[in-house]
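These notes are about the structure you will find just below.
The values are calculated or read from the model by the stated rules, or taken from the named source; none is laboratory data. What you see is a predicted model, and the numbers here were worked out from it, not measured in a lab. We place every Cβ from the backbone using ideal geometry, glycine too, and count neighbours over all the protein chains shown.
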Amino acid sequence: MTKPEIGAIYPALPAIFTVAATLIIWKISILFFDISPFILPPPETVFERLWILLRERNFWSVHVVTTLWEILAGFFLALVAGLTTGVLFGKLPWLERALKPALLTLQVVPKITLLPILIIWTGFGMTSKIIFAAILSFFPIMLNVLLGLKSVSPGHQEVMRAFHAGRWSMFRFVELYSVLPYLIAGMEVGIVFAVIGAIVGEYLSGSEGLGYLAVIALGSLDMPRLFAVLIVLTLLSYALAMLVHCVKQVLIPWHDSMR
Amino acid sequence: MNASAELALHEVSKEYLSANGTVQALRDVSLSIVRGEFVAIIGASGCGKTTLLRLLAGLIAPTRGEVKVREHSLWHSGKRDTGAAEMIGMVFQDANLFPWYTVEENIYLPLMLQGATRQQCLEKARELCHLVGLAGFERSHTAELSGGMRQRVAIARALCLKPSILLMDEPFGSLDAMTRERMNLELQTMIATINATVVLVTHSITEAVFLADRVVALSPRPGEIRAIQPIEFPRERKLEVQADPRFNLAVQALRQALCVEGEK
Ligand SMILES: Nc1ncnc2c1ncn2[C@@H]1O[C@H](COP(=O)(O)OP(=O)(O)OP(=O)(O)O)[C@@H](O)[C@H]1O
Ligand SMILES: [Mg+2]
């Protein structure tokens, strides 16, 4: 009998080990290299500030809710728009030819420069951030859907033709499923981009959200607090990525990547 | 030409257009297959066997000539006659199963496309699973199947609409010799049950001689008919038939027909 790997028995163990090792290296390097707490605050200070942050009155009800809403709304908009555009482009090549230059322009323009324009158009509220998050996560989703539609197996298409399937059946029973793995891949990138979009939007304007908290902490050179916000943001992104992963497990359990 | 032909090719040629010119895959192929007949097609890789089957299935149109199913031309000025194509079931060279569907969903998909109820679909799938020896695997996912089982699913799917003509493109090409022999025996029983006309493409001369009433040997590209060898043994055949001298004679004759062309 072969010895089972330790990770197989306690799946969380390797991850816990990595986190513990990081904390230890963090602490030790501060002690050894005599790093100023203004540059790299020690872990215990950061976690103390994190604890304070989590119990602040407005933290959950205003800042977390605002950021989360911006991310999810932006991502959802991108998902709907990316899926629709990708499918339309894939199915109507003349439409792709007509609109591709415009989209390409939007894709290559440094999108951060669009943010001030969005702010002027839609104000300092959440709208500008939602739209910005949506623009950022739109492209990976749309491009992946388009790629997926163009990668439908010719063998599968021929089977459907042998069964006299029409265009709609072809889409409903074959293309839709063939696109799903690509769509998920787009969503995995897209959700991270949506987080970036919302946070950068908050950096630039407004008075709510985790990005805003980070900017304020920076303004008062409060490094422990900046780190605390960073940890919250990381955990938030992580949770969102897990959400996409759950969607993946529901939608494409049959895909090779899930084995 | 035989008036009661189930399938007929009249001087059919096929050229593919590709980036660097045209590829002639088939040249002047004429063949007529009667009802209930089992015809095997052999030939070197790339000689146009798949092309021939796709022409018979109405998946592609001939460049010249005419393809007829029960005296109905498959193509009318560039449009496929779906009525005639309806009688045809096809097993593709790669099983081409849909990984997002279970075995039974793969099998009843053609029926579902015709608007059958879920109940009808499930019954049909169960019946076909039984026929092709997949009973108990209805709910399995295709990735969990062995190569032989995948081909069984592909065969069951091709039989779903009760075709009177079954076209098979190297259905057992990727299987080991032993599985292949068993599948050949089972295929004979299946064919007897559904009573279909069969055209089977294979690269194994013995498989062709073992299964078919007539074996058609194609020349290398562009494919032309080199020889047509009738096989006299009555169906269904047992494996012992392979020891019969007449069996070996037929194999030899076909091997020669294929080789002569190769030496040219
Ligand atoms: N869609 C296509 N476009 C261009 N050329 C093609 C196309 N399909 C087949 N051909 C060419 O036509 C010739 C015959 O192809 P076909 O697939 O019919 O061969 P085959 O006899 O089935 O070969 P194999 O035994 O390897 O399956 C080949 O040379 C191939 O390159
Ligand atoms: Mg082939």
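A few notes on this one:
- Only one of B:84, B:44, B:19 that is closer than 24 Å to residue B:229 by Cβ and either crowded, with 16+ Cβ neighbours inside 10 Å or hydrophobic (A, V, I, L, M, F, W, C) (or both): B:44
- Residue under evaluation residue A:91, criteria (1) free of Cβ contacts under 8 Å to residues at least 40 places away in the same chain; (2) surrounded by 12 or more Cβ atoms within 10 Å (Cβ to Cβ), criterion not met: (1)
- Within the range B:94-120, tally of residues that are assigned to a helix (DSSP H, G or I), over 26 Å from residue B:175 (Cα atoms) and within 13 Å of chain A (Cβ to nearest Cβ): 3
- For the range B:40-65, filtered to residues that are among the β-branched types (Val, Ile, Thr) and within 16 Å of ligand 2 (Cβ to nearest atom), the residue that is farthest from the other protein chains (Cβ to nearest Cβ) is B:42.
- Any hit, the range A:31-38, residues being of a type in the set (Gly, Ala, Ser) and part of a helix (DSSP H, G or I): no
- The residues listed here are A:51, A:60; of these, the one that is in the same structural domain as residue A:228 (by TED's automatic domain parsing), without any contact (Cβ under 8 Å) to a residue 60 or more places away in the chain and either touching a Leu at 6+ places or on another chain (Cβ under 9 Å) or farther than 23 Å from residue A:212 by Cα (or both) is A:60.
- Options B:155, B:165; residue that is over 24 Å from residue B:4 (Cβ atoms), β-branched (Val, Ile, Thr), away from ligand 2 (no atom under 16 Å from the Cβ) and within 14 Å of chain A (Cβ to nearest Cβ): B:155
- Cβ pairs under 7 Å, 6+ apart, first in the range A:239-259 and at the interface with chain B (Cβ under 10 Å from one of its Cβ atoms), second assigned to a helix (DSSP H, G or I) and modelled with pLDDT of 95 or more: A:251/A:180; A:251/A:184; A:252/A:180; A:252/A:181; A:252/A:184; A:255/A:181
- Each residue in the range B:184-206 was checked for being surrounded by fewer than 21 Cβ atoms within 10 Å (Cβ to Cβ), within 16 Å of ligand 2 (Cβ to nearest atom) and not in a loop (DSSP other than H, G, I, E, B), and 0 pass.
- Positions within the range A:149-168 being buried (at least 16 other Cβ atoms within 10 Å of the Cβ) and either outside any helix (DSSP H, G or I) or facing another protein chain (nearest Cβ under 9 Å) (or both), in sequence order: A:152, A:156, A:158, A:159, A:160, A:161, A:162, A:163, A:164, A:165
- The range A:248-259: number of residues that are surrounded by 15 or more Cβ atoms within 10 Å (Cβ to Cβ) and either hydroxyl-bearing (Ser, Thr, Tyr) or closer than 29 Å to residue A:200 by Cβ (or both): 1
- Among residues of the range B:125-150, those that are away from chain A (no Cβ under 14 Å) and under 26 Å from residue B:58 (Cα atoms), counted: 3
- Checked against the criterion of being more than 16 Å from ligand 1 (Cβ to nearest atom), of a type in the set (A, V, I, L, M) and in the same structural domain as residue B:173 (by TED's automatic domain parsing), the candidates B:107, B:42, B:33 yield just one match: B:33.
- Scanning the range B:60-89 for residues that are within 16 Å of ligand 1 (Cβ to nearest atom) and without any contact (Cβ under 8 Å) to a residue 24 or more places away in the chain yields a single hit, B:61.
- Residue within the range B:241-248 that is surrounded by 11 or more Cβ atoms within 10 Å (Cβ to Cβ), more than 29 Å from residue B:186 (Cβ to Cβ) and of a type in the set (A, V, I, L, M, F, W, C) present: no
- Of all positions in the range A:191-210, none carries a residue that is within 30 Å of residue B:168 (Cβ to Cβ), of a type outside the set (D, E, K, R) and touching a His at 6+ places or on another chain (Cβ under 7 Å).
- Any strands (runs of 3 or more DSSP E) falling wholly within the range B:10-81 and containing at least 1 residues that are over 20 Å from the mean Cα position of the chain (by Cα): B:21-34, B:64-69
- In the range A:169-221, the residues that are without any contact (Cβ under 8 Å) to a residue 24 or more places away in the chain and not in a helix (DSSP H, G or I): A:220
- Per-region count, the range A:169-192, residues within 24 Å of residue B:86 (Cβ to Cβ), at the interface with another protein chain (Cβ under 9 Å from one of its Cβ atoms) and not aromatic (Phe, Trp, Tyr): 2
- Qualifying residue in the range A:109-122 (condition: within 14 Å of another protein chain (Cβ to nearest Cβ) and not in a helix (DSSP H, G or I)): no
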